[in-house]
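Peer 1: Mind having a look at this structure? Questions to follow.
Nothing in this text is a laboratory measurement; each read-out follows from the coordinates by a stated rule. Keep in mind that this is a model prediction, so the values were computed, not measured. Note that each Cβ is placed from the backbone with ideal geometry, even for glycine, and that neighbours are counted across all protein chains shown.
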Amino acid sequence: MKKLMNILFLSCLKASALIEKKLHVRLTFQERLQLKMHKMMCEACTRYEQQSILLENGLASQHKRIHDLGDLDQLKAIIAKKLGEQSTK
Amino acid sequence: MEFSSTVSLTQWIEIYSKDLFSWALYKVSDRELAADLVQDTFLAAAEKLEGYKGDSSPKTWLFSILNHKIIDIYRKKVNQTVSLEDQNFSGYFDADGNWLKDKRPSAWHEDEGQLLDNNDFQEVFDRCLEALPEKWNICVKLKYLSEKNGDEICQELDIAPTNFWQIVHRAKLQLRDCIEKNWFQK
């Protein structure tokens, strides 16, 4: 019985770990079942999942925010100078 | 054919620096680091130039050098040791794995679409992300930087998947908490 309880009922620590894992890979059947059961009873982890997805979307959009390339002439000049130093060594 | 290596490299700096820099910036999200990577790419190219037979275009060749350097950077950051333990969750959960009272997620009453477009929110988000130890920071960003899934990232960087999930989990807990405290509770 105790073993069955352990399989069915996750702690919030384990549930939130599965929520993170789920964002990267497909969970096993047992993991999906465990997580579903847990979320039915736990408001905090249900929120955690929604918020964690929002954070992922934030990470993706942060990454897409356009980077201004700026002035590259200075970089080109530095590289050319370094190459010159290297070849005379 | 007599082929002056210095002349061609100098030309390549002029032609390809922009594309290389733009790619490096996209992959590391850090201007200074991206500039260093482009510079290192050309320095490595100068050393290897004799071996370059022109089988691939100069652009492809330079990009392959750059990409190796980018993966090295990821690997270095991921393998850093962090003074705070990666697997220490006691700041968030009690011994039975229940949320600690002040770390338990509370309701965020805001529309997601608007939130992510809000400049002030982006600023809080970026600050909370920067506040993470470098290793955690790169682990949560890697999915987007490398455009690979979790298993591929672990394989490429030679880290154990369980270790990687644990770091991502730990980092996300801290990021979430920081954003809740600095945005939703202000």
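Peer 1: Any idea what the dipole of the stretch B:31-92 comes to, in debye rounded to 20, about its Cα centre with Lys/Arg Cβ at +1 and Asp/Glu Cβ at -1?
Peer 2: Result for the stretch B:31-92 is approximately 180 debye, rounded to the nearest 20.
Peer 1: To make sure I understand, if each residue's beta carbon is the centre and we count other beta carbons within 10 Å, what order do B:Glu152, B:Glu32, A:Glu31 fall in, fewest to most? If you can, show how the numbers build up before the last one.
Peer 2: Numbers: B:Glu152 13, B:Glu32 8, A:Glu31 16.
Fewest-to-most Cβ neighbours within 10 Å comes out as B:Glu32, B:Glu152, A:Glu31.
Peer 1: Hey, another quick one. With +1 on each Lys and Arg Cβ and -1 on each Asp and Glu Cβ, how big is the dipole of the protein assembly as shown about its Cα centre, in debye rounded to the nearest 20? Mind dumping the intermediate values first?
Peer 2: Numbers: 39 positive and 41 negative charges, 203 e Å.
Using only the charged Cβ atoms, the result is roughly 980 debye.
Peer 1: Considering chain B, which cysteines have no disulfide-compatible partner, defined as another cysteine with its Cβ under 4.7 Å away?
Peer 2: B:Cys139, B:Cys154
Peer 1: log₁₀ I(q)/I(0) of the stretch B:58-124 at q = 0.12, 0.15, 0.16, 0.29 Å⁻¹, via Debye over equal Cα point scatterers, no solvent, to two decimals?
Peer 2: Debye intensities relative to I(0), on a log10 scale: -0.75, -0.90, -0.92, -1.12.
Peer 1: For each of A:Tyr48, B:Tyr26, B:Tyr16, count neighbouring Cβ atoms within 10 Å of the residue's Cβ, then give the residues from fewest to most.
Peer 2: B:Tyr26, B:Tyr16, A:Tyr48
Peer 1: Using a 10 Å cut-off around each Cβ, can you sort B:Ser64, A:Ser16, B:Ser29 from fewest to most neighbouring Cβ atoms?
Peer 2: With the fewest neighbours first, B:Ser64, A:Ser16, B:Ser29 line up as B:Ser64, B:Ser29, A:Ser16.
Peer 1: Then there's this: From the alpha carbon gyration tensor of the protein assembly as shown, can you work out the equivalent ellipsoid semi-axes (sqrt of 5 times each eigenvalue) and give them in Å, largest to smallest?
Peer 2: 45, 21, 15
Peer 1: Quick check on my link table: of A:Lys76/B:Lys59; B:Lys76/B:Lys143; A:Lys14/B:Lys181, which ones sit more than 20 Å apart, alpha carbon to alpha carbon?
Peer 2: A:Lys14/B:Lys181
Peer 1: Going 7 Å from the Cα of A:His63 toward and past its Cβ, which residues in the stretch B:39-81 have a backbone nitrogen under 19 Å from where you end up?
Peer 2: Only B:67-79 fall inside the zone, counting backbone N under 19 Å.
Peer 1: If you don't mind, another one. Dividing the convex hull volume of the Cα atoms of chain B by its residue count, what figure in Å³ per residue is obtained?
Peer 2: 151
Peer 1: Say the cut-off is 28 Å between C-alpha atoms; which of B:Lys101/B:Lys186; A:Lys22/B:Lys18; A:Lys64/B:Lys53; A:Lys36/B:Lys135; B:Lys53/B:Lys77; A:Lys3/B:Lys172 go over it?
Peer 2: In this structure, A:Lys22/B:Lys18; A:Lys64/B:Lys53; A:Lys36/B:Lys135; B:Lys53/B:Lys77; A:Lys3/B:Lys172 lie more than 28 Å apart at Cα.
Peer 1: If you put +1 on each Lys and Arg Cβ and -1 on each Asp and Glu Cβ, how big is the dipole of chain A around its Cα centre, in Debye rounded to 20?
Peer 2: I would put it at about 500 debye.
Peer 1: When 1/r is averaged over all different Cα pairs and the result inverted, which Kirkwood radius in Å belongs to the stretch B:12-77? Don't skip to the end; give the middle numbers.
Peer 2: Numbers: mean 1/r = 0.0837 Å⁻¹.
Evaluated over the stretch B:12-77, this radius sits at 11.9 Å.
Peer 1: To test your reading of the geometry: what angle, between 0 and 90 degrees and rounded to tens, separates the Cα axis of helix B:119-130 from the longest principal axis of chain B?
Peer 2: Helix B:119-130 and the main axis of chain B meet at about 80 degrees.
Peer 1: Okay, next question. Based on the alpha carbons, how large is the Rg to Rh ratio for chain A when Rh follows Kirkwood?
Peer 2: Result for chain A is an Rg/Rh of 1.43.
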